[in-house]
1. Being aromatic (Phe, Trp, Tyr) and within 16 Å of ligand 2 (Cβ to nearest atom) is the filter here, so list the residues in the range 238-280 that pass it.
2. I'd like to check something: does the range 73-89 contain any residue that is among the hydrophobic types (A, V, I, L, M, F, W, C), in contact (Cβ under 8 Å) with a residue 60 or more places away in the chain and touching a helix residue (DSSP H, G or I) at 6+ places or on another chain (Cβ under 8 Å)?
3. Where in the range 133-248 are the helices (runs of 4 or more DSSP H), entirely inside, with at least 1 residues that are of a type in the set (Gly, Ala, Ser) and under 15 Å from Val102 (Cα atoms)?
4. Anything in the range 22-54 that is farther than 21 Å from Ala302 by Cα and either hydrophobic (A, V, I, L, M, F, W, C) or out of contact with any strand residue (DSSP E or B) (no Cβ under 9 Å at 6 or more places or on another chain) (or both)? List them, or say none.
5. Quick one: count up the residues across the range 238-269 that are more than 14 Å from the chain's Cα centre (by Cα) and either within 15 Å of ligand 1 (Cβ to nearest atom) or of a type in the set (Gly, Ala, Ser) (or both).
6. Could you grab me the full set of residues in the range 66-78 that are more than 20 Å from the chain's Cα centre (by Cα) and modelled with pLDDT under 95?
7. Test Gly289 against the criterion of being more than 25 Å from Thr188 (Cβ to Cβ), within 13 Å of ligand 2 (Cβ to nearest atom) and in a loop (DSSP other than H, G, I, E, B), and give yes or no.
Amino acid sequence: RTLRIGLISGDGIGKEVIPAGRRILEALPASLGLKFEFVDLKAGWETFQEQGVALPDETVSILKSDCDGALFGAVSSPTTAVKGYSSPIVALRKKLDLYANVRPVKTVVSAPRPIDMVIVRENTEDLYVKEETTRDTPDGKVAEAVKRISQRASSRIATIAGEIALRRQKIRAAGSPSIHKGPLVTVTHKSNVLSQTDGLFRSTAREALAVPRFGEVAVEEQIVDSMVYKLFRQPEAYDVIVAPNLYGDILSDGAAALVGSLGLVPSANVGEGFAIGEPCHGSAPDIQGQGIANPIATLRSAALMLEFLNEEAAAAKIYAAVDANLEEGKLLSPDLGGTAKTEEVVQDILRRL
Ligand code: NAI
Ligand code: MG
């Protein structure tokens, strides 16, 4: 099978880590029967300065018609609003209907407090439909926002969370060390207060996960505020967490803080038959050009993309090579307290692969 992968490096360290993502895909063993073709695509702040748009139409049309998946590095955003500029990743999620944002947060198994969870965030609705209004009243201004929750979006996000739980179990069963015994999905909401919106999310997610093919998956619920508490007190208790957009956004950034560096945390934006792997970090202007960016978030994002393209065996190989580098702890980049350059970390992981 040949996979065509769009490479959107973007700005800053995006240009340093995306080539590492390409190299790890190219280095996968031939026995997997996977080949890759790459196409470099533009987006971001530099692109905006050159072309007047942050996400050229060409990038979108090539991704749509010609690619199986993509890797997205990072883009710089101006600190004050600039006319005509809007975030290319947000636009891409909309244009390609990438309805799930998937963020695994994982330490090595031998960590004093091992963590291995994935947060599955609904990515198309909730308060982020951005339908806000402000009106004047005798008591001053009042602003309101729509929180939209649909059965369709809630059902498909819960379904993909169930699928992810099953796949994680499969990868574990294939010999990858883990702290979890069986697949577990935790449905997060605040339906005790928002009985209609979050109530619909809760009941729809429950139903979607109650079907026979998820029979093996344990399902539990957690109110979002106590979820935050437990996430920090007992992070090892979680396997797959599914949440509406706003809670998912907050939980996934909070969870990323549990593992020490943004340079370790991958994500994927997932739609029907398409996935974009994207490290969680930004363009890191403070370290750009020094060759010291941690490539691991991007390498894991490449693996995560492969998972959603149904190439689990290939993904598992990348995860294992990255974990072995971290377990040994000899060639670590400066964000992890080491002195290794990006290139040395990549070389070490390629050797293990
Ligand atoms: P950032 O994630 O770029 O950096 C935060 C801190 O983490 C910095 O000290 C940076 O050096 C460090 N860091 C991040 N990734 C690292 C890596 N791979 N290896 C080692 N250290 C790493 O966030 P910041 O500084 O708030 O934003 C910088 C620019 O990135 C801004 O223009 C912002 O708009 C943009 N940004 C873009 C994102 C995206 O493309 N998805 C996400 C977050 C920020
Ligand atoms: Mg966020």
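1. If the condition is that a residue be aromatic (Phe, Trp, Tyr) and within 16 Å of ligand 2 (Cβ to nearest atom), then Tyr247 is the only one that fits.
2. Scanning the range 73-89, I find at least one residue that is among the hydrophobic types (A, V, I, L, M, F, W, C), in contact (Cβ under 8 Å) with a residue 60 or more places away in the chain and touching a helix residue (DSSP H, G or I) at 6+ places or on another chain (Cβ under 8 Å), so the answer is yes.
3. The helices (runs of 4 or more DSSP H) meeting that bar are 151-173.
4. Step one: of the range 22-54, the residues farther than 21 Å from Ala302 by Cα are 45-54.
Listed by number, the residues that qualify are Trp45, Phe48, Gln49, Glu50, Gln51, Gly52, Val53, Ala54.
5. 4
6. From the range 66-78, those more than 20 Å from the chain's Cα centre (by Cα) are 66, 78; that's our starting set.
If the condition is that a residue be more than 20 Å from the chain's Cα centre (by Cα) and modelled with pLDDT under 95, then Pro78 is the only one that fits.
7. So Gly289 does not fit the description; no.
The values are calculated or read from the model by the stated rules, or taken from the named source; none is laboratory data. Worth saying up front: this structure is predicted, and the values here are computed from it rather than measured. Glycine also receives a Cβ, built like all others from the backbone with ideal geometry; neighbour counts cover every protein chain displayed.
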